[in-house]
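So the structure is just underneath, and the comments pick up after that.
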Amino acid sequence: MIFDTHAHYDDSVFDADRDELLRGMAENGIGTIVNIGADIKTSAATVALTERYPFLYGAVGVHPSETDALTERDMEQLKSDCAHPKIVAVGEIGLDYHYPDTNRELQQRWFVRQLALAREVQLPVVIHSRDAANDTMQIMKEQHCEEIGGVVHCFSYSKELALQYVDMGFYIGVGGVITFSNAKKLVEAVRAVPLERIVLETDAPYLSPAPERGSRNHSGKLWFVAEKLADLKGVTVQELIRITEENARRLYRI
Ligand code: NI
């Protein structure tokens, strides 16, 4: 069944129908979901969700855009969350230079700190990297991320960089963007990366695939992504789903 490696079901846009939606996942062919924390509050919400749904696992961590008020006490909280049996990764963590007023040094400091946390608790990492290709790779090399492992979520860089991440032992997260008509660079990267290193993700409620681009995303829409990827990799949709599920289980050690 389909494995969604990256979703945010704690988001308030799911408040009205979260339970109904999640309980209907199996019927839609969705077998496993990893909910991803983006700050201290959503990391706590992620832990709570994992306790409610047997097929749902979680990652805890602080997104680069949420690092302004972070403290060492928050790191202690994350560390204790990581001991939960259904928390399978540290994330999403990384660098996001998209907005011009961002404090890059602060982002880098907490990225390095959370990589150290992942190493300490021996969990893989979920990397968020936007408009920060060089600094992300440099920090990951310096911190020997090949010893930590994980996934580069919503991969948006070149095929050369994708292959460098694969060489580091990382997986490449692919979602709705692959179905967009302007996804030429991502299509090239996906063609170059071995299928054994690709995992499916929604980033729900964001990045809904075509033909439903712009609407609220959820794991059931991964069928559109799976069909597109199967086509690009020259395998059947069922094969694509089976292989990416195996990859996701290896990535998250589930
Ligand atoms: Ni995300």
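The values are calculated or read from the model by the stated rules, or taken from the named source; none is laboratory data. Keep in mind that this is a model prediction, so the values were computed, not measured. Virtual Cβ from ideal backbone geometry, glycine too; neighbours counted across all protein chains shown.
If you scan the range 65-118, which residues turn out to be among the hydroxyl-bearing types (Ser, Thr, Tyr) and either part of a loop (DSSP other than H, G, I, E, B) or out of contact with any strand residue (DSSP E or B) (no Cβ under 8 Å at 6 or more places or on another chain) (or both)? Steps first, please.
Here is the first cut: in the range 65-118, the ones among the hydroxyl-bearing types (Ser, Thr, Tyr) are 65, 67, 71, 80, 97, 99, 102.
THR67, THR71, SER80, TYR97, TYR99, THR102, listed by residue number.
If you check LYS141 against the conditions, is it over 18 Å from the mean Cα position of the chain (by Cα), under 22 Å from ALA45 (Cβ atoms), surrounded by fewer than 21 Cβ atoms within 10 Å (Cβ to Cβ) and at pLDDT 95 or above?
Working: over 18 Å from the mean Cα position of the chain (by Cα): yes; under 22 Å from ALA45 (Cβ atoms): no; surrounded by fewer than 21 Cβ atoms within 10 Å (Cβ to Cβ): yes; at pLDDT 95 or above: yes.
When the stated conditions are applied, LYS141 does not pass them.
For the range 139-180, which positions are part of a helix (DSSP H, G or I), closer than 28 Å to GLU105 by Cβ and among the β-branched types (Val, Ile, Thr)?
Answer for the range 139-180, where residues must be part of a helix (DSSP H, G or I), closer than 28 Å to GLU105 by Cβ and among the β-branched types (Val, Ile, Thr): just ILE139.
When the range 66-78 is examined, which residues are found to be within 16 Å of the ligand (Cβ to nearest atom) and free of Cβ contacts under 8 Å to residues at least 40 places away in the same chain?
At the first step, the residues of the range 66-78 found to be within 16 Å of the ligand (Cβ to nearest atom) are 66-67.
Hit for the range 66-78 is GLU66, nothing else.
With the requirement that a residue be surrounded by fewer than 20 Cβ atoms within 10 Å (Cβ to Cβ), within 14 Å of the ligand (Cβ to nearest atom) and charged (D, E, K, R), what does the range 4-38 give you?
If the condition is that a residue be surrounded by fewer than 20 Cβ atoms within 10 Å (Cβ to Cβ), within 14 Å of the ligand (Cβ to nearest atom) and charged (D, E, K, R), then ASP11 is the only one that fits.
With respect to VAL112, determine if the residue is within 16 Å of the ligand (Cβ to nearest atom) and either aliphatic (A, V, I, L, M) or at pLDDT below 95 (or both). It would help to see each step written out before you state the result.
Values: within 16 Å of the ligand (Cβ to nearest atom): no; either aliphatic (A, V, I, L, M) or at pLDDT below 95 (or both): yes.
Considered against the rule, which asks whether it is within 16 Å of the ligand (Cβ to nearest atom) and either aliphatic (A, V, I, L, M) or at pLDDT below 95 (or both), VAL112 comes out as no.
Go through GLY150, GLY176 for me and flag whichever is touching a Pro at 6+ places or on another chain (Cβ under 8 Å), over 14 Å from GLY91 (Cα atoms) and within 16 Å of the ligand (Cβ to nearest atom).
None of the others qualify; the one that does is GLY176.
Of the residues that sit in the range 91-124 and are within 22 Å of THR46 (Cβ to Cβ), without any contact (Cβ under 8 Å) to a residue 40 or more places away in the chain and of a type in the set (A, V, I, L, M, F, W, C), which one is surrounded by the most Cβ atoms within 10 Å (Cβ to Cβ)?
If we take residues in the range 91-124 being within 22 Å of THR46 (Cβ to Cβ), without any contact (Cβ under 8 Å) to a residue 40 or more places away in the chain and of a type in the set (A, V, I, L, M, F, W, C), then ILE93 is surrounded by the most Cβ atoms within 10 Å (Cβ to Cβ).
Which one is surrounded by the fewest Cβ atoms within 10 Å (Cβ to Cβ) among residues in the range 126-138 that are under 18 Å from the mean Cα position of the chain (by Cα) and either in contact (Cβ under 8 Å) with a residue 40 or more places away in the chain or in a loop (DSSP other than H, G, I, E, B) (or both)? Show your work before the answer.
Taking the range 126-138 as the starting set, the residues that turn out to be under 18 Å from the mean Cα position of the chain (by Cα) are 126-133, 136-137.
Among the residues that remain, those that are also either in contact (Cβ under 8 Å) with a residue 40 or more places away in the chain or in a loop (DSSP other than H, G, I, E, B) (or both) are: 126-128, 131-132, 136.
Details: VAL126: 31, ILE127: 27, HIS128: 26, ASP131: 14, ALA132: 23, THR136: 26.
Filtering the range 126-138 for residues that are under 18 Å from the mean Cα position of the chain (by Cα) and either in contact (Cβ under 8 Å) with a residue 40 or more places away in the chain or in a loop (DSSP other than H, G, I, E, B) (or both), the one surrounded by the fewest Cβ atoms within 10 Å (Cβ to Cβ) comes out as ASP131.
Looking only at the range 184-208, filter to residues that are surrounded by fewer than 23 Cβ atoms within 10 Å (Cβ to Cβ) and within 16 Å of the ligand (Cβ to nearest atom); which one of those is nearest to ALA38 (Cα to Cα)?
The extreme case among them is ASP203.
Spot the failing condition for THR50; the list is (1) over 24 Å from ALA26 (Cα atoms); (2) crowded, with 20+ Cβ neighbours inside 10 Å, and only one is missed.
With (1) over 24 Å from ALA26 (Cα atoms); (2) crowded, with 20+ Cβ neighbours inside 10 Å applied to THR50, the lone miss is (1).
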